[in-house]
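*Asks:* Supplied in structure tokens, the structure appears directly below.
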Amino acid sequence: MEDDYYVSSDDDYYDEDDDRNNMELLEYVENYENLRPEAPTSKVISKESLLAAQRDDLQRVMDVLSLKEYRARTLLIHYRWDVDKVLAVLVERGKDRLYAEAGVTVVEDDNLVSSQFSSEVMCGICMDEIPSDQVTIMDCGHYFCNNCWTEHFIVKINDGQSRRIKCMAHKCNAICDEAIIRNLVSARDPNLAEKFERFLLESYIEDNRKVKWCPSVPHCGNAIRIEEDELLCEVECACGLQFCFKCLSKAHSPCSCRMWELWCQKCQDESETVNYIAVNTKPCPKCNKLVEKNGGCNLVICVCGQPFCWLCGAPTGSDHTWDSIAGHSCGRFKEDEDMKLELAKRDLFRYTHYFNRYQAHTDSFKLESTLKKSIQEKISRLEEKELMFKDLSWATKALYRLFRSRQIISYSYPFAYHMFGDLFENEMTAEERTIKQNLFEDQQQQLEANMEKLSLFTEEPFHEYGHEQIMELRMRILNLSTLTDKLCEKLYDCIENDLLGSLQWTRHSIAPYNSNGVEKASELTVSRDTTTSNSEIDLATNGMDISYTK
């Protein structure tokens with residue numbers, strides 16, 4: 001067990017003697033987590049709560065504006081289910097402008113019926129004389145026969161336009177009453193009417209910028225709703241998947257979404273295979289098969305039997321010595337070819353450097369995940385001894401801190417690969433890039449060194465220790481956990497302000513650092529008056545197309 005914890009700054013230095021002489025530090029460390037700011041809240045919307053969640057937002061708009069449900073839905077779909085946006089437009093522009101922009105028509109008398117017409121009415125679409133009881137009039141005042149309305153609705157539903165079906169009249173932007181659509185379509189095709197219901201329900205997720213499907217595979221059936229305006233965050237679904245709410249990839253901070261996308265492409269495509277081939281193989285001048293050199297002699301022979309010079313690739317005879325090939329000379333310098341080869345070697349070496357470290361920390365994280373069971377077993381053995389010192393939460397908190405910092409360090413290498421590579425070559429001079437890279441790597445190495453010490457301490461067999469030894473180990477782990485958390489925060493601050501914050505031509509943002517880690521979304525609680533029956537839920541969600549876009 002090492003005695004000291006070193007980093008380059010005096011503020012980030014802890015010593016064993018100081019720990020023994022300053023027990024008040026222990027109280028600070030224990031309460032450190034409580035000083036952290038609360039993370040934005042997020043909610044899990046399951047199949048059972050989806051319809052109720054939608055109705056909850058509908059009810060808020062209906063109460064404020066005294067609207068019927070379908071008109072409130074039209075407003076919310078237009079404003080992407082952002083209730084606050086609806087209310088803001090109401091205050092800033094007034095009710096008339098709010099309704100006009102969303103295609104909502106509100107009439108004083110909602111009981112417009114065909115009885116106001118004569119016994120027969122001419123339909124403006126099919127031009128037939130239709131009995132008045134077979135004519136439907138919308139809020140906008142336009143009326144057509146039920147058959148034409150039904151055909152219009154069926155076409156729109158099949159085209160995927162169920163959420164905002166407009167009136168058939170020329171240049172009329174009024175949205176049709178969903179109750180009328182439902183009744184007319186169900187009389188012709190009940191299955192299509194159910195499809196219409198599903199489209200209306202899905203609009204709460206598909207059109208809502210604060211709600212997205214969990215990208216788990218196979219799909220868990222849950223959606224996540226962010227309560228705050230900040231959508232660049234990382235959340236954990238009830239199924240256990242941690243993902244970026246913005247791009248729906250797995251949680252990847254401190255990489256920006258664009259950086260992570262480029263890194264995944266880099267790792268998955270064949271670019272590095274091509275680089276390896278360019279660096280380590282040469283094509284045979286006769287059969288064009290790739291040949292890899294396995295010795296020191298520069299005369300190589302292809303499987304087809306053709307000898308050629310490894311230096312220039314030209315065909316030769318087989319007579320040669322260690323320093324020359326009979327009848328062949330290729331000592332002339334070829335600048336373009338040599339330069340391309342050196343660039344390929346440099347790019348391959350650079351990528352390998354960052355990938356190996358990224359992969360090493362990813363593998364370490366997987367291996368350290370088994371520590372959780374080991375820590376729990378050690379805690380159980382200590383509890384059986386009934387020691388006076390019973391608070392062992394520091395062990396599990398240290399393990400969580402280790403997991404969190406390991407993830408951050410792992411993703412910091414893809415970040416560095418792109419930050420100091422070609423992605424921002426026009427944003428920094430060579431001197432500026434060197435200064436910023438040194439600053440970042442100093443922060444990175446400090447975090448990495450202390451994280452490895454924390455990993456070492458968490459593996460201690462503390463269940464075999466006496467009371468004083470446990471107290472000493474506890475103090476060290478608590479101090480080191482706090483220091484690791486502080487270094488994680490400093491690394492994020494360096495990335496956000498000193499690196500990404502200084503970019504002028506491009507904008508990259510990362511999910512903010514949360515000391516408590518990726519927030520686990522809580523189950524959505526639904527108010528009693530919006531609770532729905534099981535039959536309603538099954539009707540609305542049966543066969544629902546659960547999908548997401550990456």
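The values are calculated or read from the model by the stated rules, or taken from the named source; none is laboratory data. The model shown is predicted, which means the values in this text are computed figures rather than measured ones. Surface areas here come from the heavy atoms of the whole protein model, side chains and all, with no ligands, DNA or RNA. Shrake-Rupley method; radii C 1.70, N 1.55, O 1.52, S 1.80 Å.
*Asks:* To the nearest 10 square angstrom, what accessible area does residue 247 show with a 1.4 Å probe?
*Replies:* Spelled out: residue 247, probe radius 1.4 Å, area about 30 Å².
*Asks:* What's the center-to-center distance, using Cα atoms, between region 361-378 and region 241-272 in Å?
*Replies:* Using only Cα atoms, the two centres lie 24 Å from each other.
*Asks:* Additional query: List the lysines whose Cα sits under 17 Å from the Cα of residue 95, skipping any in the same chain fewer than 8 residues away.
*Replies:* 68, 85
*Asks:* Using all Cα-Cα distances in region 380-533, what percent lands in each 5 angstrom bin from 0 up to the longest?
*Replies:* 1, 8, 15, 15, 12, 10, 10, 8, 7, 6, 5, 2, 1, 0
*Asks:* Right, another one. On the full set of protein chains, 1.4 Å probe, figure out the accessible area of residue 400 and give it in Å² to the nearest 10.
*Replies:* Approximately 100 Å² for this residue.
*Asks:* With a 1.4 Å probe and all protein chains in place, put 87, 348, 480 in order of accessible area, largest first.
*Replies:* Working: 87 55, 348 30, 480 0 Å².
Ranked from most to least accessible, the order is 87, 348, 480.
*Asks:* Additional query: Tell me the accessible surface of residue 490 in square angstrom (1.4 angstrom probe, heavy atoms of protein chains only), to the nearest ten.
*Replies:* Near enough 70 Å² of accessible area.
*Asks:* With respect to the cross-link table entries 212/520; 210/250; 453/486; 212/372; 246/520; 266/293, which display a Cα-Cα separation exceeding 21 Å?
*Replies:* Over 21 Å apart, Cα to Cα: 212/372; 266/293.
*Asks:* Turning to a different aspect of this structure: If you rank 129, 441 by how much accessible surface each has, with a 1.4 Å probe, what is the order from largest down? Walk me through the numbers before you get to the answer.
*Replies:* On the way: 129 100, 441 55 Å².
In descending accessible area the options line up as 129, 441.
*Asks:* Further question: Could you let me know the centre-to-centre spacing of region 47-102 and region 499-524, using Cα atoms, in angstrom?
*Replies:* 30
*Asks:* If 234, 227 are ordered by their accessible area, calculated over protein heavy atoms with a 1.4 Å probe, which sequence runs from highest to lowest?
*Replies:* Working: 234 25, 227 70 Å².
Final ranking, largest accessible area leading: 227, 234.
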